[in-house]
Amino acid sequence: MADPVLRLSGIRKSYQSGDSELEVLHGIDLTLQRGEFAALIGPSGSGKSTLLNLIGLLDRPSGGHLFIDGDETSTLPEGEITRLRGQRIGFVFQHHLLIPAFTALENVMMPLLVDRGRPDAAMRERAAALLAGVGLADRANHPASKLSGGQQQRVAIARALAMRPALVLADEPTGNLDTHTADDIFALLREVNQREGTSFLIVTHDPRLAARCDRIVELVDGSIVSDRPHAETPG
């Protein structure tokens, strides 16, 4: 049986606060299988962003074990962490984080450039195909600054898929969008999940969107209090 895309075992995270240590994540156990489409919910201050940063290898846990695609990451050197993050994890953020002066195509190519160093025809072809897949083939040569919010988020999704990651982390990906555009973007994430078999973990405050995921993981005060499948057919 293939390794799960993500496995957390006893993950803890503490920060120094004056003379004392403040623990914000308390022994998190979580497994995400290939092709799963899961929501991570919880009130502000529950530890969602901290947990997402750990899963995305942007920070290190204070204790426990974190596996990405079967690789134990907790003790890897920084160079290996960077490589693993770049090749196996895609990110979609609320604020897009595109380079405004770069075209949509150039933004999508960025992870490939970071990994391989020089642009080539294969990169451009991959980026163009991804933009076509998110409905932006006709916007490939437009600067990111000239795109609407929904279009920018589509570019960000295409960029997240550039390296064919096993796992995509989406942090409030529809938070800055109107309801109609948010529904379109969410439907696109679901389409990618079903077409590519990519695993998704989506942080959202929107109960409507969480209800459209296969699984809902709820975090409260640094602990998982609920982890349940959701039976609603995705729309």
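The values are calculated or read from the model by the stated rules, or taken from the named source; none is laboratory data. Since this is a predicted model, take the numbers as computed values, not measurements. For neighbour counting, all protein chains shown are included, and Cβ atoms are generated from backbone atoms with ideal geometry for every residue, glycine included. SASA here: full protein model, heavy atoms, side chains in, ligands and nucleic acids out. Shrake-Rupley method; radii C 1.70, N 1.55, O 1.52, S 1.80 Å.
Below are the figures for this structure:
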{"item": "Members of segment 179-208 found to be assigned to a strand (DSSP E or B) and of a type outside the set (A, V, I, L, M, F, W, C), listed by number", "result": "199"}
{"item": "Any hit, segment 79-92, residues being crowded, with 19+ Cβ neighbours inside 10 Å, of a type in the set (Asp, Glu) and modelled with pLDDT of 90 or more", "result": "no"}
{"item": "Test: residue 24 is in contact with a Gly (Cβ under 6 Å, 6 or more places away or on another chain) and of a type outside the set (D, E, K, R)", "result": "yes"}
{"item": "Segment 72-120 - residue that is polar (S, T, N, Q) and within 24 Å of residue 138 (Cα to Cα) and, of those, farthest from the chain's Cα centre (by Cα)", "result": "103"}
{"item": "Number of the condition not met by residue 62 [criteria: (1) in contact (Cβ under 8 Å) with a residue 40 or more places away in the chain; (2) within 28 Å of residue 151 (Cβ to Cβ)]", "result": "(2)"}
{"item": "Some residue of segment 158-167 being more than 26 Å from residue 214 (Cβ to Cβ) and surrounded by fewer than 16 Cβ atoms within 10 Å (Cβ to Cβ)", "result": "no"}
{"item": "Residue match in segment 36-44 (condition: out of contact with any Phe, Trp or Tyr (no Cβ under 9 Å at 6 or more places or on another chain), under 17 Å from residue 219 (Cβ atoms), assigned to a loop (DSSP other than H, G, I, E, B) and open to solvent by 40 Å² or more (accessible area, probe 1.4 Å))", "result": "yes"}
{"item": "Flag for residue 27 being surrounded by 15 or more Cβ atoms within 10 Å (Cβ to Cβ), in contact with a helix residue (DSSP H, G or I) (Cβ under 7 Å, 6 or more places away or on another chain) and not hydrophobic (A, V, I, L, M, F, W, C)", "result": "no"}
{"item": "Selected residue (only one of 154, 208 is surrounded by 19 or more Cβ atoms within 10 Å (Cβ to Cβ), without any contact (Cβ under 8 Å) to a residue 40 or more places away in the chain, of a type in the set (D, E, K, R) and out of contact with any strand residue (DSSP E or B) (no Cβ under 9 Å at 6 or more places or on another chain))", "result": "154"}
{"item": "Contacts under 8 angstrom Cβ, first residue in segment 171-191 being in contact (Cβ under 8 Å) with a residue 60 or more places away in the chain, partner open to solvent by 60 Å² or more (accessible area, probe 1.4 Å) and of a type in the set (Gly, Ala, Ser), 6 or more apart", "result": "171/49"}
{"item": "Neighbours by Cβ (under 8 Å, 6+ apart or cross-chain): first from segment 126-151, outside any helix (DSSP H, G or I); second open to solvent by 30 Å² or more (accessible area, probe 1.4 Å) and of a type in the set (Gly, Ala, Ser)", "result": "140/128; 143/101"}
{"item": "Enumeration of residues in segment 168-178 that are open to solvent by 30 Å² or more (accessible area, probe 1.4 Å) and assigned to a loop (DSSP other than H, G, I, E, B)", "result": "175, 176, 177, 178"}
